[in-house]
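Data block below; observations after.
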Amino acid sequence: MSDDTIRLTTAQAIIRYLNAQFIEIGGNRHRLCGGGFGIFGHGNVTCLGEALYDHRDTLPLYRGQNEQSMGFAAAAYAKYHLRRKFMFCTASAGPGTANLLTASALAHANRLPMLMLCGDTYLTRLPDPVLQQLEHFNNPALGLNDAFRAVTRYWDRITHPAQVIQTLPAALATMLDPADCGPAFLGLPQDVQGWTYDYPVSFFEEQLHHIRRQPPDAGELARAVEVLKEAERPVIIAGGGVQYAGAVAELTAFAEAHDIPVIETIAGRANLLNDHPLNIGPVGVTGSDSGNAVAEAADVILSVGSRLQDFTTGSWTAFAKDARFISLNVSRHDAGKHMALPVVGDAKLGLVALAFMMDGYKAPQSWLQFALGERRNWNAYVAENVKPGNRPNSYAQAIGVVNALCDPRDRVVAAAGGLPAEVTANWRTLDIGTVDVEFGFSCMGYEIAGGWGARIAQSEVEPDKDTIVFCGDGSYLLLNSDIYSSVLTQKKLIVLVLDNGGFAVINKLQNNTGNESFNNLIQDAPTIPAPFAVDFVSHAASMGANAVRVDTPEQLAKAFQDAKVSDKTSVIVMNVDAYEGWTTEGHTWWEVGTPHVSEHDTVRAKHLEIEAERAKQRKGV
């Protein structure tokens, strides 16, 4: 390491460092940072913009329409790449940066890497108060950017150019750590961005990163094997961590070697193909009758790569109270939940070790046959549920049409409202790792923005495949501008807008808790005297997309086939029924707060009915 230095601004040093980072994926060398999304303002255009311009060929900058949607796109990009690559987002000081808060929370909840490079107020305070600055009278150092401390895994404010020598490696280490992975935030005061420092030239030498694989502790493995070998009705919960660890093959081999049924979480959808005999279906509130029947009857549950969110556990009513949990997870925090027997370590290495130590064990055939029978029944239900003409237009029918016509490697994106449950229950996985149902934060607006980010990533690896977005009318109205982004950047999407006239799934929840329809469907909003529907076709067409309305699943099939052969983003709009268009099976109990007192008989009755199911709940153990 030489003593040579180079004088750079803070902003130039940050971008030059990012440009020099690489990662090994599948034996090949890739640039770690795939580029970024940016909206310039006075807080980032003059210094950071100047630095980015000089690296525009190697770190492509996608012009955003909305900072929140930029963050969603970055999260979806990282998820496609299984957290091995990331994008940065840059926003100006003040409201531009504030718009990234929701996206940062989404990345945090889903454990996804994203780097935010955001303008900040002046370190010298000489021009204070400046445009878009928050003033705290008793704490002048407190600003808007401090709000990101709650929604990031790594947070720093750069107050001297030399600090990036320490903070950039630390931020990258956080984003690449399997246990601590999440978003990183760097506040960049507008004056500090342009200040200079004589940086060591060696700091900018190319660096090749590798994802750490932490083997589990031998004692924890031994204790897990002891419990597993005693199991009469074992089941594996396969979470999203299976894919992040590259452990799909090991999970499949382990299940096959020991005849153990597998049930999937929402994040773990597409761990196994639909027709794999040990794939018993999704589990939980938005699960399957088959997955939930096996979960309820199991005496030992091996959770692999799951944080055991309430929609997986049915608010902890989906399992017998005396069932024993083993949790193989790279995160100590997740591995010990609900007094599970923890096996802290990499899922791939952990499954290989467990398989070796469990040699000779097989689950009883009676248990396996029970699970297979439940899955056959669920398959029959789904086949009928997605059939066109079985009721008014439904989400399930639309999902069935697309599922039958898409390429096995096409990527499916959904996030909020009723569609995550419908996709989870009805989508029949055609290939591994092809489903992105964002249900960690379940954030409205992720659908189209996330689709754009996923398509950017997909175009790097599988440019001849498609990204398919399932979106409700509510999410469309919240955040749709990346239809325009996808057309501008020639990153084709196929977007299905399924219109049920408002927030229909919350209307369903409202009704199911004894309440009258109120302020969810457009027609039930008390301040809307003359309801009318949005012309989504014209709106999408105005952003450059091919757009068409269809009235039946048969017309949807034709429109989807047309979209497949097109080279431009297509938006297909179909009305679905707000009342009869739901998948009615496959649900566990879900704890939702209901009024303990009410003047409404229906509300009181539903409260008692819902609370009666609480008797099944495992209380922390």
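The values are calculated or read from the model by the stated rules, or taken from the named source; none is laboratory data. Note that the structure is a prediction, hence the values are computed from the model and not measured. We place every Cβ from the backbone using ideal geometry, glycine too, and count neighbours over all the protein chains shown. Ligands, DNA and RNA are excluded from the accessible area calculation, which covers all protein heavy atoms including side chains. Shrake-Rupley method; radii C 1.70, N 1.55, O 1.52, S 1.80 Å.
Among residues other than Asp310 with Cβ under 15 Å from its Cβ, the summed charge is +3 (Lys and Arg +1, Asp and Glu -1).
Taking the protein heavy atoms of the chain in the context of the full set of protein chains, the accessible area attributed to carbon and sulfur is 53 percent at 1.4 Å. Please work out the FRET efficiency for the pair Ala525 and Val597, using the Cβ-Cβ distance as r and a Förster radius of 30 Å; give the result to the nearest 0.05. The formula returns an efficiency of 0.70 here. Antiparallel beta bridges, as assigned by DSSP with both residues in the chain, represent about 15 percent of the total such bridges. Helix 553-565 and the longest principal axis of the Cα set of the chain meet at an angle near 40°.
Here's the picture: a label point sits 7 Å out from the Cα of Asn390 along the beta-carbon direction, and within the range 290-320 the residues with their amide nitrogen under 18 Å of it are 290-292. Each peptide among 432-445, 374-387 gets the average number of other Cβ atoms lying within 10 Å of its residues, and from highest to lowest they stand as 432-445, 374-387. Beta bridges assigned by DSSP with both partners in the range 21-127 are antiparallel in approximately 25 percent of cases. For the chain, the longest principal axis of the Cα atoms and the long axis of helix 365-385 meet at an angle of about 80 degrees. Net charge in the neighbourhood of Gln193 (other residues with Cβ under 10 Å of its Cβ; Lys, Arg +1, Asp, Glu -1) is -3.
The mean accessible area for residues of the range 10-161, using a 1.4 Å probe and ignoring ligands and nucleic acids, is 39 Å² per residue. Take the range 395-530 with all the other protein chains still there, run a 1.4 Å probe, and you get 31 Å² of accessible area per residue. Rounded to the nearest 10 degrees, the inclination of helix 601-612 to the longest alpha-carbon principal axis of the chain is 90 degrees.
Relative protection proxy for 474-480, 70-76, 141-147, 344-350, from highest mean packing down: 70-76, 344-350, 474-480, 141-147 (other beta-carbon atoms within 10 angstrom). Put Phe203, Phe536 in order of accessible area, highest first, and with a 1.4 Å probe you get Phe203, Phe536. What the Cβ-Cβ distance of Glu24 and Asp562 gives, at R0 = 60 Å and to the nearest 0.05, is a FRET efficiency of 0.90.
Between Arg614 and Phe518, residue separation times 0.36 nm minus the direct Cα-Cα distance comes to 31.9 nm. Net charge in the neighbourhood of Ala297 (other residues with Cβ under 14 Å of its Cβ; Lys, Arg +1, Asp, Glu -1) is -1. Distance between the pseudo-spin-label points of Asp54 and Arg332 (7 Å out from Cα toward the beta carbon): 4.2 nm. Calculated accessible area for the range 331-384 comes out at 51 Å² per residue, all protein chains present (probe 1.4 Å; ligands, DNA, RNA ignored). To the nearest 10, the accessible area of Ile266 is 10 Å² with a 1.4 Å probe. A straight Cα-to-Cα reach below 13 Å connects Lys337 with the aspartates and glutamates Asp310, residues fewer than 8 places away in its own chain not being considered. Taking every protein chain into account, the 1.4 Å probe leaves Thr584 with about 100 Å² of accessible area, to the nearest ten.
Listed peptides 239-247, 20-28, 221-229 appear in the order 239-247, 221-229, 20-28 once ranked by packing, highest mean of other Cβ atoms within 10 Å at the front.
Straightening the chain between Ser542 and Gln166 buys 130.7 nm, computed as 0.36 nm per residue apart minus the Cα-Cα spacing.
Taking 0.36 nm per intervening residue step and subtracting the Cα-Cα distance, what contour gain separates Ala380 from Ile6 on full extension? Mind dumping the intermediate values first?
Values: separation 374, 0.36 × 374 = 134.64 nm, distance 6.73 nm.
Length gained, Ala380 through Ile6: 127.9 nm.
Thr174 exposes around 20 Å² of accessible area when a 1.4 Å probe is run over every protein chain in place. Centroid-to-centroid, using Cα positions, the range 6-83 and the range 270-291 are 37 Å apart. Once the C-beta distance of His210 and Asp431 is scaled by a Förster radius of 22 Å, the resulting FRET efficiency is 0.25 to the nearest 0.05.
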